[in-house]
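All remarks here apply to the structure that follows.
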Amino acid sequence: MARTTKSKNVPKDLRPVFDSLTAITDTFCTNHLNDEYATLAQYLAAALCRKRPSPLAGKNLNIWACGIIYALGFVNFLFNKSQTPHMTAKDLCAAFQVSKSAGAAKAKIIRDAFKMFQLDPRWRLQSKLFDNPHAWIIEVKGFVIDVRYASREIQEIAFRKGLIPYLPEKREG
């Protein structure tokens, strides 16, 4: 799977919407999650602003902010107690003063629009990316390999082609 380059660029007419939306998600992430979630939420908000037509124009931004975090939470297992950070979907939606069904519905729209899935390397927390097999499996001459265990030369080629998110460092183990 080719990796997508993240961008916070938004159309000029949607800049105020983006700024308002990210103010909501940034505050939520500061109070309940972490900076990694805040950064991913900014990228996802920008991607929603670039959609044509953008679903955000003139809409209730609190529900969209909840949907953004909910969608990212789905990818990163936010609702699993074994993860750090974690919280329930009910608590997430309550913090945005949004019903659970409304938050889940917006998250589904977002996940479908960007074809997001659990462990999706495009929307995975950076700190958890190395342990995500979806980010490192590539095909080389017809063979599927985990590039983390390939030669540095293959890793560099895969990185230049945008097939992996970064060059993995050697790990003791």
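Which of (1) part of a loop (DSSP other than H, G, I, E, B); (2) surrounded by fewer than 18 Cβ atoms within 10 Å (Cβ to Cβ) is the odd one out, the single condition Pro121 does not satisfy?
The failed condition is (2).
Could we say that Leu78 is in contact with a helix residue (DSSP H, G or I) (Cβ under 9 Å, 6 or more places away or on another chain), under 20 Å from Phe18 (Cα atoms) and assigned to a loop (DSSP other than H, G, I, E, B) here?
no
Test Val144 against the stated conditions and say whether it is surrounded by fewer than 18 Cβ atoms within 10 Å (Cβ to Cβ) and at pLDDT below 85.
On the way: surrounded by fewer than 18 Cβ atoms within 10 Å (Cβ to Cβ): yes; at pLDDT below 85: no.
Criteria not met by Val144.
Here are the criteria: (1) over 26 Å from Asp131 (Cα atoms); (2) free of Cβ contacts under 8 Å to residues at least 24 places away in the same chain; (3) not aromatic (Phe, Trp, Tyr). Tell me which single one Ile109 does not satisfy.
Tallying (1) over 26 Å from Asp131 (Cα atoms); (2) free of Cβ contacts under 8 Å to residues at least 24 places away in the same chain; (3) not aromatic (Phe, Trp, Tyr), Ile109 fails exactly one: (2).
Taking the stretch 88-116 on its own, how many of its residues are under 20 Å from Thr39 (Cβ atoms) and out of contact with any Gly (no Cβ under 8 Å at 6 or more places or on another chain)?
Qualifying residue count, the stretch 88-116: 5.
When you scan the stretch 53-75, how many residues do you find that are part of a loop (DSSP other than H, G, I, E, B) and under 16 Å from Leu40 (Cβ atoms)?
The number of residues fulfilling the criteria is 0.
Quickly run through the stretch 20-53 and pick out the residues that are among the hydroxyl-bearing types (Ser, Thr, Tyr) and crowded, with 22+ Cβ neighbours inside 10 Å.
Correct list: Thr22, Thr25, Tyr37.
Matching residues to (1) over 27 Å from Pro168 (Cβ atoms); (2) at pLDDT below 95; (3) surrounded by fewer than 23 Cβ atoms within 10 Å (Cβ to Cβ):
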| residue | (1), (2), (3) |
| --- | --- |
| Ile69 | yes, no, no |
| Leu72 | no, no, no |
| Thr84 | no, yes, yes |
| Val98 | yes, no, yes |
| Gly103 | yes, no, no |
| Asp112 | yes, no, yes |
| Lys115 | no, no, yes |
| Lys128 | no, yes, yes |
| Asp131 | no, yes, yes |
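Taking Val17 and the conditions (1) of a type in the set (A, V, I, L, M); (2) surrounded by fewer than 19 Cβ atoms within 10 Å (Cβ to Cβ); (3) without any contact (Cβ under 8 Å) to a residue 60 or more places away in the chain, which numbered condition does it fall short on, given that it satisfies the others?
Result: Val17 passes all but (2).
Name the residue, out of Ile157, Ile63, Ile138, that is in contact with a Phe, Trp or Tyr (Cβ under 8 Å, 6 or more places away or on another chain) and either over 16 Å from Cys29 (Cβ atoms) or surrounded by 15 or more Cβ atoms within 10 Å (Cβ to Cβ) (or both).
Among Ile157, Ile63, Ile138, only Ile63 is in contact with a Phe, Trp or Tyr (Cβ under 8 Å, 6 or more places away or on another chain) and either over 16 Å from Cys29 (Cβ atoms) or surrounded by 15 or more Cβ atoms within 10 Å (Cβ to Cβ) (or both).
Would you tally the residues in the stretch 93-106 being assigned to a helix (DSSP H, G or I) and without any contact (Cβ under 8 Å) to a residue 40 or more places away in the chain?
Residues that pass the stated criteria total 7.
The values are calculated or read from the model by the stated rules, or taken from the named source; none is laboratory data. Since the structure is predicted, the reported quantities are computational estimates derived from the model, not experimental observations. Please note: Cβ atoms are built from the backbone with ideal geometry, for glycine as well, and neighbour counts cover all protein chains shown.
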